[in-house]
1. On the protein heavy atoms, probe 1.4 angstrom, tell me the percent of accessible surface of the chain carried by carbon and sulfur.
2. Restricting attention to region 7-89, which trypsin sites (Lys or Arg not before Pro) occupy a DSSP loop and are surrounded by at most 16 other Cβ atoms within 10 Å?
3. Full extension from Thr193 to His235: what is 0.36 nm times the residue separation minus their Cα-Cα distance, to one decimal in nm?
4. Cross-link partners among lysines for Lys174, C-alpha distance below 18 Å, same-chain residues fewer than 8 apart left out?
5. Quick one: if you take sqrt(5λ) for each eigenvalue of the C-alpha gyration tensor of region 1-94, what semi-axes come out, biggest first, whole angstrom?
6. Calculate, for the chain, the solvent-accessible area per residue in square angstrom, rolling a 1.4 angstrom probe over the heavy atoms of the protein chains.
7. Among Val216, Leu114, Ala31, flag the residue with its Cα farthest along the positive direction of the charge dipole of the chain, charges on Cβ as +1 for Lys/Arg and -1 for Asp/Glu.
8. As an exercise, use a Förster radius of 22 Å and the Cβ-Cβ distance of Glu173 and Gln68 to find the FRET efficiency, rounded to the nearest 0.05.
Amino acid sequence: MGLLDNKTAIVTGSSRGIGADVAKILAGEGAAVVVNYRQKAPRANKVVQGIEADGGRAVAVGADLTTQEGVQALASAAMENFGSLDVLVLNASGGMETGMGEDYALKLNRDAQLNMLNAAVPLMQEGSRVVFVTSHQAHFINTVPTMPAYEPVARSKRAGEDALRELIPNLAEKGISLVVVSGDMIEGTVTATLLDRSTPGAIEARRAEAGKLYSVEEFAQVVAGMATADVESGHTEYAGGADYFGKSGQ
């Protein structure tokens, strides 16, 4: 018996990296998983094939979360394929990409998160769980400076977290809980790669400062664990970066 038998999970941005690993872990706990991608269908299909090869259930759904059509398509896919929606992992994020428009970070990291949650809530039963994935660089941005290249993204993700937290009382009325997972820089992620490209040596410097950075697999375990963890709504789970807590004031 898995912790998520007969449950359905949506994991946004799950064709690779942290999201893909979270999807695999949740499937291993018995959940049917909606694997979301924006453009890379082959990658998402590979994640689904891996889950199915291990005896799990999954479907790949292409959806641009910055559009209302994309958000609705993703929410509907859970019901159409598996008949329920019990876990929503808001993992998709971005803003370091080039050529996406000046307001893309806010559109994806705040507006799309809210829109996705609002589309999912009517489908979720009492006892359902929402997990929002963020970074220490974003979570602590109001008290701990970050690298200039990352600051706009950090502020947009913090805006997203704040907007989601404002909905906690509304979610509580429906018996739905929201948990935030905040992680230090994660080795091998797209964000870390782009950041290191714009600020050479950034990852190495952060590794030296923190002593250790989580791998994608290690962080995914933390995120997936929060789907079923016995914690109160509004709880923040921290992964790595202990040095933040002495200087953050939070």
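The values are calculated or read from the model by the stated rules, or taken from the named source; none is laboratory data. Every value quoted in this text rests on a predicted model; they were computed, and no experiment measured them. We place every Cβ from the backbone using ideal geometry, glycine too, and count neighbours over all the protein chains shown. Remember, those area values only see protein heavy atoms, side chains included, never the ligands or the DNA or RNA. Shrake-Rupley method; radii C 1.70, N 1.55, O 1.52, S 1.80 Å.
1. Exposed carbon and sulfur together represent 48 percent of the surface.
2. When the trypsin sites (Lys or Arg not before Pro) of region 7-89 are filtered for loop state and at most 16 Cβ neighbours within 10 Å, Lys40 remain.
3. That works out to 12.2 nm of additional length.
4. Qualifying lysines at Cα under 18 Å: Lys7.
5. After diagonalising the Cα gyration tensor, the semi-axes are 19, 15, 11 Å.
6. Ligands and nucleic acids excluded, the figure is 45 Å² per residue.
7. Farthest towards the positive pole: Val216.
8. After rounding, the FRET efficiency stands at 0.35.
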